[in-house]
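The structure appears below as structure tokens.
The values are calculated or read from the model by the stated rules, or taken from the named source; none is laboratory data. These figures come from a predicted structure and were not determined experimentally. Methodologically, a virtual Cβ is constructed for each residue, glycine included, from the backbone with ideal geometry; neighbour enumeration extends over all protein chains shown. What goes into the accessible areas is simple: the full protein's heavy atoms, side chains included, and nothing from ligands, DNA or RNA. Shrake-Rupley method; radii C 1.70, N 1.55, O 1.52, S 1.80 Å.
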Amino acid sequence: MKTDNKPWFWIPLLNFASGLPYAVIISVSVIMYKKLGISNKDIGLYTSLLYLPWVIKPLWSPFIELFGTKRKWFLSMQLLISIAFLLVGFTIPTNGFFMMTLAIFWVAAFASASNDIASDGFYLLVLPEDKQSFFIGIRSTFYRLAMLAGNGLIVLLAGYLEHKYGDNTKAWSYTMIAVGLLMTFITVYNFFSTPKTEINASEKPVDTNKQSFASIFASFFRKKQIIIVLCFILLFRLGESQLIKMLTPFLVDPIKYELVENGSDEGQIKALELYNLKVKNGEKLSDSELQSLYSNLPILVEMRDQKKPLKEVENKDKEEYKNANKARIDFVDVLIVNKGNQKTIKKGGMGLETEDIGLIYGTFGLIALTLGGILGGIAISKQGLTKWMLPMILTMHLPIIGFILLAHFHPASIYYIYAVVIIEQFGYGFGFAAFMMYLIYVAEGESKTAHYALATGFMAMGMMLPGMVSGYIQEYLGYGNFFIWVFLATIPGIILSRFLIFPKDFGKKSEVEV
């Protein structure tokens, strides 16, 4: 196979095309559904299920390994992803949008997982190991840049449109259409920029073609230390899998709710009288009295820069009413339990607007991640993975302490949030390079593409299962204790990393110029 290509021209956007769909499906969907009124529990459960295609992608990775070229596969899948995002944009304004958009995201997720398999295989086939170790940091950086383009620039666009139109539904519909058009452009660029020298599967040596699916899978599970390796892959991101699902809700949730003890209309005045007579005295309430409190108590929602009334959302359907007014109902329930004592109610999120999230992750976070990823790849290529494995893992996980501090102290200045995000993003970019390089080591040998897909499939399982219960854990523990739990969840992966065996200089660049 020829390798006389210019990696700098195709590696960045090829990996951007892997990261952007993943970011939109797994991360941006979280804030989108949050802004469209979906609860934390449903967000955690259903968006985590979108990981499933990445979990089970090894089941169809042999097809990509044995049939056609990797280049044809990733170009076809990127086109399908583009169409799916356009459809999500057109579906958001419809009734029953939640399940419909989830179904389309599922199609996009399967296409994205297939795109990852083909892109990873293309990278492993085209570049020798010394170049792989150098560009692993670049790959990781542009993959994460795509994540931040989703969590940053795309969210910033959505926030701008929310304010422009005063309609979250319209804002997110237009945003998803824009994402679909962007993916279309990237697909066209990759068509013209990626090397066309890859050998079709049918042109490979006969013994490669004769490999069966079973033999490909079996050879993976015969690798050295396979039990420890799988445990490490599954547990390494145990904390991050829960953090990523609840971090956006934490940042956008109000700091607190506050009862206003004076009414502006007859309904509010009667509800306040009921509150003072019965709630403060701990007396039992009838269903009609409870409904009056839910509907009419005057409540302010405190965001970072303002306080505004928390309005009741009218809806005839009982279940839809409960979902639409969840914030009001939950706060009233807490007031009843605490006999009206608001001082005992803990602060919640950080009260940021959608644009704040996009700005934080799309500017300083972007710069920090870029530096971290590049430095991580350079460090491994110069001194090998063994020297940097533990320092990189610690650099990736320790910044979670910053979110613990934010949740407990709620600093007034937004610059504290910037500082935590900058440190976390640099640590992620620097540390994740080690994990990705280790997965390349795991995939070494015949059938690299399928074996790498198996490794990343187990990684996705380690993200999916904890993420599914993250919303339930967060609502039970509260944000402060939840982040403590997330930090503790990183410990098993750190311990297991000390038992991994791989060549001392694996990933170290040879004297050959890159």
Keeping the other protein chains in place, figure out the carbon and sulfur percent of the accessible area of the chain, with a 1.4 Å probe. 64
Mind grabbing the accessible area of Lys41 for me, 1.4 Å probe, Å², rounded to tens? 80
Relative to the longest principal axis of the C-alpha atoms of the chain, give the angle of the C-alpha long axis of helix 400-409, reported between 0 and 90° and rounded to the nearest 10°. 10
Just to be sure I understand the model, the point goes 7 Å from the Cα along the line to the Cβ. What's the resulting Phe9 to Leu394 distance in nm? 4.3
In whole Å, what is the distance between the alpha-carbon centres of segment 353-376 and segment 236-268? 23
Per residue of the chain, what 222 nm ellipticity follows from adding -39500 (n - 2.57) for every DSSP H run with n ≥ 4, rounded to the nearest 500? -22500 deg cm²/dmol
Counting other C-beta atoms within 10 Å, and keeping those with at most 12, which DSSP coil trypsin sites (Lys or Arg not before Pro) do you find in segment 447-514? Arg498, Lys504
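How compact is segment 427-514 by the rule of thumb for globular proteins, expressed as Cα Rg over 2.2 N^0.38 Å?
In units of the globular-protein estimate, segment 427-514 measures up at 1.41.
Put Glu266, Glu355 in order of accessible area, largest first, 1.4 Å probe: what do you get? Please list the in-between numbers first.
Numbers: Glu266 120, Glu355 45 Å².
So, going from the largest accessible area down, we get Glu266, Glu355.
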Quick calc: nm separation of the 7 Å Cα→Cβ label points for Ser413 and Lys270 -> 5.0
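Give me the 1.4 Å probe accessible area per residue for the chain, excluding ligands and nucleic acids, in Å². Write out the running numbers ahead of the final one.
On the way: 22180 Å² over 514 residues.
Solvent-accessible surface per residue comes out at 43 Å².
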Which of the trypsin sites (Lys or Arg not before Pro) across segment 325-356 are loop residues per DSSP, with 14 or fewer other Cβ within 10 Å? Lys339, Lys346
Lys, Arg +1 and Asp, Glu -1 on Cβ, resulting dipole of the chain about Cα centre, debye, nearest 20: 1040
Working with all protein chains in place, sort Thr169, Thr344, Thr449 by solvent-accessible area computed with a 1.4 Å probe, largest first. Thr344, Thr169, Thr449
Residues Glu314 and Ile501, FRET efficiency given R0 of 41 Å [Cβ-Cβ distance, rounded to 0.05]: 0.05
Which Cα, out of Pro492, Phe409, Ala23, lies furthest along the positive dipole direction of the chain (beta carbon charges, K/R +1, D/E -1)? Pro492
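Given R₀ = 51 Å, what would the calculated FRET efficiency be for Ser193 paired with Lys343, taking r from the Cβ atoms and rounding to 0.05?
My answer for the efficiency is 0.25.
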